[in-house]
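To keep things clear, I will list the structure first and then write my remarks on it.
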Amino acid sequence: MAHTHSTDVLIAGAGPVGLSAAAELRRNGVCCRLVDRLPARLPYAKAVGIQPRTLELWDRMGLARTVLEAALAMRGQLIYVNGREQARIDLTLPPEVPYGFAALPQYETERILEAYLAGLGTVIERGTELLSFAQDEDGVTARLRTASDSEEEVRARYLIGCDGAHSTVRKGLGLAFEGGAFAEEYLLADVEADWDLPHGYGLRSLHRTDDGATDDLLVCIPLPGAGRYRMSTLVPPELSPRTAEGGPARGEPVTHGLEGGRAPELSHLQAVVDRLAPKAAVLSRMRWSSVFRISHRIVDRYADGRVFVAGDAAHIHPPTGAQGMNTGIQDACNLAWKLALVVRGEAGPALLASYDAERRPVGEEVVGRTVRHATDGIETDPDDPRTLMLHEAQLLVSYRGGPLADKPSGPADAPQPGDRAPDCTGLTTPVATYPLRLLDILRGRTGHVLLLYAADPAALAKAAEAATRAAEQSPVADGSALGTPDAPVREDGLQTVAVLARDATPCAPDILPVPGYRDTKGEFARLYRPDGPTGLLIRPDGQLGARFPLADTAAALSDYRTALSAPA
């Protein structure tokens, strides 16, 4: 056996979730190894939907432009029942949301993330499989089989399982994975169609019997490229080994994901299009096809000691609304900044317990919602259209009431600790001749960002100085996420930005001790609803960490720091 190596974090699985975890860790200066048992990326358009919230996270990483240049804008969905149009859902969001919905084949998403990670000095160790692991008080010892078929022992401080629905990490932890399965089998294919459906719209066409049961369906998601779609439908009888009762043949369990055995042909899909498509179309250029089965399950906990699960290793559900990959990426971003603080000794290990506390309720909600939508259709959702779209965009994810969310402050309808920090536009400086978005100011920053809002430059300067002192003088046993007394404040520790009210002194940004921007259009004030001079702490994952009166800046940072380092 090869000699033992050490790393801060070992990540099993190099899909979009594992790549996102590795990218955020490396961006925060944490060493990690990323292993995947596959020798190369799979050329399949599996997870194709990219939600606006994920694009916001990628924007902060500096990745959004690359994704936008490769992706297709998703504009809506057409719903047909028995040949008649029943609904037209337009994917519209409030104007302050910076990104819309997008579609991109999963292998392209992985390519972009892999190139970004390589730029940070980390490459995927392909053909390397996690065989087993054991953890103790100080770390995790993992056994790997490498591409050369030799075995290697790795010592890591932490292990993250991003290794999919059949996760070795989840099984090794013995986590419960409760849920159910759909008896139906689905055909999934990547094809081109010569119809003239509206550009950027998906299609869901059903046939329902007199008693309301769906006995035939066609779902088409547009992809980049002329006439290209990922299509799915029920598996035709000639391809299904299912029993007459509809259950698995020969007592086999219903598993989740793509199946490698049966390969549907173009003719199978063409027959469904002929029956259900609202317009005649000839299919061509089938890049791949498979049989797909759906389960809906979630683990009983996202972490055990020094080992974590994320993405499909933690939750699986119907692909309705393209929630799965995006939820997993947000799992990874939530966990990575916390791991980075603990690994660097800037927060106590108890911070890591907040990963399960914050993310498992999100996973439970997504599993429940996608099952309802898959069973009854998204058009039956009881939420009003605006709320429904915000849910689908994953912009309503909140950790209010969680271990890191302070008590509410300010107007009840204002963003509160735990909520997503909304973007806004119209922020200006004396030099730039164009307005900026808040995302422009956050882009590239890795740590917490403190926003100080007021009309009085003197109040802003005083609060900025208080924040600097608090970061420099905060003694915490394991260090502080906002700086330590033994070292200068990290460039990525706490970064302070002043936002001046639109009626503030015109030259004020030039005399502030921190970067200053004017809320020229009043958009920041409209969206954040400051109740007088206000401080807002934005976490590295784009959620609000704290909200407080500007005069309480030092005390609020101290309270937040205590929450990061509080005992479990």
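With respect to the chain, whose longest principal axis is taken over its alpha-carbon atoms, helix 106-119 is tilted by about 30°.
Net charge near Pro98: determine it from the other residues with C-beta under 10 Å of the C-beta of Pro98, scoring Lys and Arg +1 and Asp and Glu -1.
Computed value for this residue: -4.
Placing pseudo-labels 7 Å out from each Cα toward the beta carbon at Arg386 and Ala350 gives an inter-label distance of 4.1 nm. Using the rule -39500 (n - 2.57) for each DSSP H run of four or more residues, divided by the residues of the chain, the 222 nm mean residue ellipticity is -8500 deg cm²/dmol. When Tyr528, Tyr434 are compared by accessible surface with a 1.4 Å probe, the order from highest to lowest is Tyr434, Tyr528. On the basis of the beta-carbon distance and an R0 of 51 Å, Glu178 and Ala432 show a calculated FRET efficiency of 0.45.
Between the helical axis of 353-376 and the longest alpha-carbon principal axis of the chain there is an angle of about 30 degrees. Taking the Cα centre of each part, how many Å lie between segment 504-524 and segment 389-429? Answer, in whole Å: 22. Taking all protein chains together and rolling a 1.4 Å probe, Lys46 ends up with roughly 70 Å² accessible.
Legend: calculated FRET efficiency, Gln86 to Glu151, from the Cβ-Cβ distance at R0 = 35 Å, rounded to 0.05, equals 0.05. Once all protein chains are placed together, His199 keeps about 130 Å² accessible to a 1.4 angstrom probe.
Counting alpha carbon pairs within less than 8 Å and at least 6 residues apart, what relative contact order, in whole percent, applies to the chain? It would help to have the intermediate numbers written out before the result.
On the way: 1257 pairs, mean separation 84.9, N = 568.
Computed value for the chain: 15 percent relative contact order.
Using a probe of 1.4 Å, the accessible surface attributed to Glu364 totals some 100 Å² when neighbouring protein chains are kept in position. Each residue, Lys171 and Ile511, gets one label point 7 Å from its Cα in the Cβ direction; the gap between the two is 6.8 nm. Inter-label distance, Glu364 to Arg111: 4.0 nm, where each label sits 7 Å from its Cα along the C-beta direction.
Using 0.36 nm per residue, how much length does the chain from Arg469 to Arg65 gain when fully extended, once their Cα-Cα distance is taken away? Write down the numbers at each step before the final one.
On the way: separation 404, 0.36 × 404 = 145.44 nm, distance 3.66 nm.
Fully extending the segment from Arg469 to Arg65 adds 141.8 nm.
Which angle between 0 and 90 degrees, to the nearest 10, do you get for helix 266-276 versus the longest principal axis of the chain when only C-alpha atoms count? Roughly 80 degrees, rounded to the nearest 10. Residues in segment 41-81 average 35 Å² of solvent-accessible surface per residue, probe 1.4 Å, ligands and nucleic acids excluded. Sorting Glu125, Glu265, Glu346 by accessible area puts them as Glu265, Glu125, Glu346; the probe is 1.4 Å, largest comes first, and only protein heavy atoms count.
Ignoring ligands, DNA and RNA, what percent of the 1.4 Å accessible area of the chain is carbon and sulfur?
51 percent
Here Ala40 and Ala555 are evaluated by their C-beta separation; at R0 = 51 Å the FRET efficiency comes out at 0.45. Under a 5 Å amide H cut-off, with hydrogens placed 1.01 Å from N, Gln543 pairs with Ala421 among residues at least 5 apart or on other chains. Distance from the C-alpha centroid of segment 336-360 to that of segment 1-63: 18 Å, rounded to the whole angstrom.
The values are calculated or read from the model by the stated rules, or taken from the named source; none is laboratory data. Remember, predicted model here, so these are calculated numbers, not experimental data. FYI the Cβ positions are ideal-geometry reconstructions off the backbone, even for glycines, and counts take in every protein chain you see. Side chains are part of the model used for accessible areas, which takes the heavy atoms of the whole protein and leaves out ligands, DNA and RNA. Shrake-Rupley method; radii C 1.70, N 1.55, O 1.52, S 1.80 Å.
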